[in-house]
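Below is one structure, written out as structure tokens; the observations come after it.
The values are calculated or read from the model by the stated rules, or taken from the named source; none is laboratory data. No experiment lies behind these values; they were computed from the predicted model shown. Heads up, the Cβs are rebuilt from the backbone with ideal geometry, glycines too, and the neighbour counts pull from every protein chain shown.
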């Protein structure tokens, strides 16, 4: 569906249930079903996808893969999958913003990994300790940009939310801003850059998917 991230089967069966309750059921059930469907459409709405080749953000820059807010920026970080001496941006996703995910750079997916573990209750843990991170349930995605960028992303499931649904696998290619999945109900994304990137987003900054630059190289 072009307007929603909801699975097609929900769009198919929900109107059938509405029709059944309209014919046979009490009006109260019809109202509840209709209201629930409208709420799901709001939460899983899909923004219109526009990819401009002449974007004002330089081609080599990394842009935000999601709507959200920068919680922390850490440098000199080691990651067991993405390497060492990295800069880490921790992005907290909103419950109410559009939930889509997109390619931060034009490039190819190098690796995809599912790490099983415990969910992160992000509301009660503002600091994410290194020793705890490998125990948290997450999906890890590494992207190789066409200009040599190495970008790592870790999608941490919130205990109160749902898991990120990623549509890409190793070998898949995409342009910057192109959709790669969605992440509903307030998850956390950790984005990793090599040490030669200059970070452009500031701590506490609100990010717009496909528009806000996160980092870039100036040489």
Result of the Cβ filter at 9 Å on the range 200-219, keeping first residues that are on the phi < 0 side of the Ramachandran plot and touching a residue at least 24 places away in the same chain (Cβ under 8 Å) and partners that are assigned to a strand (DSSP E or B) and exposed (fewer than 13 other Cβ atoms within 10 Å of the Cβ), at least 6 apart or interchain, is 215/198; 216/198; 217/198
Within the range 148-168, of all residues that are touching a strand residue (DSSP E or B) at 6+ places or on another chain (Cβ under 8 Å) and not in a strand (DSSP E or B), the one nearest to residue 112 (Cα to Cα) is 168
If you go through 171, 186, the only one that is modelled with pLDDT under 90 and either outside any loop (DSSP other than H, G, I, E, B) or surrounded by fewer than 20 Cβ atoms within 10 Å (Cβ to Cβ) (or both) is 186
Exercise. Within 27 Å of residue 85 (Cβ to Cβ), in contact with a helix residue (DSSP H, G or I) (Cβ under 9 Å, 6 or more places away or on another chain) and at pLDDT below 95: does that describe residue 160?
Worked result: no
Just one listed residue, out of 76, 83, is at pLDDT 80 or above, assigned by TED's automatic domain parsing to the domain that holds residue 193 and exposed (fewer than 11 other Cβ atoms within 10 Å of the Cβ), and it is 76
Among (1) within 24 Å of residue 168 (Cα to Cα); (2) over 20 Å from the mean Cα position of the chain (by Cα), residue 64 falls short only on (2)
